[in-house]
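Written out below as structure tokens is the structure these notes cover.
The values are calculated or read from the model by the stated rules, or taken from the named source; none is laboratory data. The shown structure was predicted, so the numbers you read here are calculated from the model rather than taken from an experiment. Note that each Cβ is placed from the backbone with ideal geometry, even for glycine, and that neighbours are counted across all protein chains shown. In case anyone asks, the SASA skips ligands and DNA or RNA and just uses the protein heavy atoms, side chains included. Shrake-Rupley method; radii C 1.70, N 1.55, O 1.52, S 1.80 Å.
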Amino acid sequence: MEYLEVPIENAFGAPVWHIRETASTMDDAKVLAAQGASDGTAIYADYQRSGRCRVEGRVWESAAGENLLCTVILRRKAVPGFTLRVGLAAARAFDGFLPEGLHTAIKWPNDVLLGGKKLSGILCEASGDVIEVGTGFNLGQRSFPSEREARATSLSLALAGSGLPLPTRGAFLARYLRCLREALAEADWAASVSARLW
């Protein structure tokens, strides 16, 4: 299946690609990187058959079109605390859509939580001067399997009863890319992460 370039604002000035179904956007990002994709290029999918997690053997499961499953290609070397900076960006992206008084937390090393429940998971894979930053954002999901319902939540559930609209995946991705660029350039990122640690 071919990648379709979509008109989503990208703070990196790079393309955003969409694919309806894929094994993993991490794999797609590796293909795009090998083809010369520029720094900040993003790809998201409606459905992943084999979305990967940090813990080997686990997969990121999501119904088609329900959540944001994406990978960003960054052309730079990995540095200490890199995944935590991505977590900071993801947390800030969520905070921009949450009702007043609700704030996310960062759980070391790679999760974003709301009220102690997982909103987002991050997986970074580096090879040379390329880092693939894979992130799953629970946006529209309204229920979770019984083994995960006590440990997971979504932006949709957080917004229930608030009167605030659920952002589209495109709007959320645009905000996340802006937050990611800012977090990677932030000099005092460690203090910002520390203030949010779960």
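Some notes on this structure:
- Qualifying residue in the stretch 144-156 (condition: within 23 Å of residue 46 (Cα to Cα), aromatic (Phe, Trp, Tyr), in a loop (DSSP other than H, G, I, E, B) and without any contact (Cβ under 8 Å) to a residue 12 or more places away in the chain): yes
- Members of the stretch 7-38 found to be of a type in the set (D, E, K, R) and crowded, with 19+ Cβ neighbours inside 10 Å, listed by number: 28
- If you go through the stretch 1-43 and keep only what is touching a His at 6+ places or on another chain (Cβ under 6 Å) and part of a strand (DSSP E or B), you end up with just 4.
- Taken over the stretch 64-85, the residue count meeting the criterion of being farther than 20 Å from residue 178 by Cα and among the small types (Gly, Ala, Ser) is 2.
- Strands (runs of 3 or more DSSP E) contained entirely in the stretch 71-129, each with at least 3 residues that are at positive phi, of a type in the set (A, V, I, L, M, F, W, C) and open to solvent by 60 Å² or more (accessible area, probe 1.4 Å): none
- Any hit, the stretch 142-163, residues being within 21 Å of residue 31 (Cβ to Cβ) and surrounded by 14 or more Cβ atoms within 10 Å (Cβ to Cβ): no
Yes/no per residue for (1) closer than 18 Å to residue 121 by Cα; (2) under 16 Å from the mean Cα position of the chain (by Cα); (3) modelled with pLDDT of 95 or more:
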{"site": "153", "(1), (2), (3)": "yes, yes, yes"}
{"site": "158", "(1), (2), (3)": "yes, no, yes"}
{"site": "162", "(1), (2), (3)": "no, no, yes"}
{"site": "168", "(1), (2), (3)": "no, yes, yes"}
{"site": "172", "(1), (2), (3)": "yes, yes, yes"}
{"site": "180", "(1), (2), (3)": "yes, yes, yes"}
{"site": "191", "(1), (2), (3)": "no, no, yes"}
{"site": "197", "(1), (2), (3)": "yes, no, yes"}
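- Filter result for residue 188 (without any contact (Cβ under 8 Å) to a residue 24 or more places away in the chain, of a type outside the set (Gly, Ala, Ser), more than 23 Å from residue 63 (Cα to Cα) and out of contact with any strand residue (DSSP E or B) (no Cβ under 8 Å at 6 or more places or on another chain)): yes
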